[in-house]
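> First the structure, then my questions, so here it is.
The values are calculated or read from the model by the stated rules, or taken from the named source; none is laboratory data. As the structure is a computational prediction, the values presented were derived from the model and not from experiment. In this analysis, Cβ positions are derived from the backbone assuming ideal geometry, glycine residues included, and neighbour counts consider all displayed protein chains.
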Amino acid sequence: MDNVLMNALTECYSNASAWDTRRQILLITADKVTFLTLKKWIPDLTSYRFSTARKHTMLHRRGVPLPQASHTKLLVSPTQVDHFLDFITSPHVNQDLPFTEKTITLSTNEVVTVPNIIRMLIPETIVKQYLAYAEESNFTPLSRRTLLNILSVCAARYKKVFTRSRLYQFGRSSGL
């Protein structure tokens with residue numbers, strides 16, 4: 001390899017601030033030079049970075065731009081979220097526990113105190129009931145997956161249903 005060219009590539013690699021830029025610089029020579037040869041010119045080069053650049057060259061050819069990852073943001077309507085929150089905080093879904101509270105710390109370091117609640121239904125059943133309710137009231141709801149995600153963020157305990165065997169075990173352990 002020409003020393004002038006390798007010095008220029010080394011300088012570009014060293015001055016690059018992001019790994020994506022460094023990988024594009026490595027793409028120029030990764031398939032033509034061995035790792036040990038390139039390591040002499042770029043001492044902080046790792047075998048992982050070298051093999052990643054070489055793999056990219058084999059899959060996409062030299063000089064082809066890196067594939068851009070698509071970032072999809074789902075924007076939800078505050079009205080839809082409020083409608084669902086009103087539903088899940090209704091008495092037929094939740095039951096307040098007396099004298100117990102939880103504290104939630106927001107990203108702004110603000111502390112909010114909320115009552116501790118028990119959910120009477122499992123998340124999937126809540127979502128099914130909500131979707132039926134939204135259809136009856138001609139309201140366009142969020143997707144099922146989004147509703148389940150909201151429920152996973154809104155923490156609550158679930159009421160345990162006692163079966164006969166549980167009641168029997170409970171009675172024996174409590175002396176009944």
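> Identify, please: which residue in region 124-147 is of a type in the set (Lys, Arg) and without any contact (Cβ under 8 Å) to a residue 12 or more places away in the chain and is, among those, surrounded by the fewest Cβ atoms within 10 Å (Cβ to Cβ)? So that I can check it myself, show each step before the final result.
Keep residues of region 124-147 that are of a type in the set (Lys, Arg), which gives 128, 144-145.
Right, trim to without any contact (Cβ under 8 Å) to a residue 12 or more places away in the chain and you get 128, 145.
Details: LYS128: 14, ARG145: 10.
Ranking the qualifying residues of region 124-147, first place goes to ARG145.
> Looking at region 54-95, which of its residues are more than 30 Å from ALA134 (Cα to Cα) and modelled with pLDDT of 85 or more?
ARG54, LYS55
> Those residues that are under 15 Å from ARG62 (Cβ atoms) and surrounded by fewer than 17 Cβ atoms within 10 Å (Cβ to Cβ), I need them from region 2-48; list them, please.
LEU5, ASP31, LYS32
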